[in-house]
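A quick write-up on the structure given underneath.
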Amino acid sequence: MRLENALTKCTGHDAPPTTTTTLAPTTTAALTTTKKPACPVGYKWFQDHCYLFATTKANWLTARENCLTLNADLVSINTWDEDDFLLNEIEQHYTTRRRDSYYIGMVYDEGEYFWMDDTVVDYRNWGQREPNCMDMECKAYISEYLGFKWADARATYDRFYICERDMYKRHVD
């Protein structure tokens, strides 16, 4: 896994790893490695996941429904590397310099925050004095205003959002 992460950093984040075909030394039979799935058009590749950065705003529920329609879900950010990748993409390609924000798949319920895709919350990147909403309406987002840290607010605000697909789960396109 460390080698794969290092190779990903060396080769860039946008393209999935390529596959190779080699000939066996004593025969002409080809040995082909398993081809990894490619991201759909418009998505960005990073560590076996594909990310779609929405270019329109929606409230949290509509954003999630839009992701689910695409066989994805709102992004769950599980490591510093993943967070760094997303923030670099936002800064380089999607920021408007107007202090925009981007919904992620973290919600508050029954006294705790959790990811909608049921991954364990091992990594957090809350901004100063966050989270602070603490009611049933709160959803998390990446805030440009807070220096790309996470914040929470009511789900009715329209924001950009990020969808994520695990390329090793079966999808129907």
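Evaluated against (1) at pLDDT below 90; (2) closer than 21 Å to Ala72 by Cα, Leu146 falls short on exactly one condition, (2). Taking segment 52-63 as the range and being part of a strand (DSSP E or B) and either within 8 Å of Phe160 (Cα to Cα) or touching a helix residue (DSSP H, G or I) at 6+ places or on another chain (Cβ under 7 Å) (or both) as the test, the residues that pass are Phe53, Ala58. Within segment 146-169, residues that are within 11 Å of Asn59 (Cα to Cα) reach partners that are among the charged types (D, E, K, R) with beta carbons closer than 6 Å, at six or more positions or on different chains, in the pairs Arg154/Glu137; Ala155/Glu137; Ala155/Lys139; Asp158/Lys57; Arg159/Lys57; Phe160/Lys57; Phe160/Asp100. Residues in segment 58-105 that are small (Gly, Ala, Ser) and over 22 Å from Asp118 (Cβ atoms): Ala58, Ser101.
The condition of being farther than 20 Å from Tyr141 by Cβ, modelled with pLDDT of 70 or more and touching a helix residue (DSSP H, G or I) at 6+ places or on another chain (Cβ under 9 Å) holds for only one of Asp48, Asp73, Asp100, that being Asp48.
The values are calculated or read from the model by the stated rules, or taken from the named source; none is laboratory data. Just so it is clear, the structure is predicted and the values come from calculations on it, not from any experiment. FYI the Cβ positions are ideal-geometry reconstructions off the backbone, even for glycines, and counts take in every protein chain you see.
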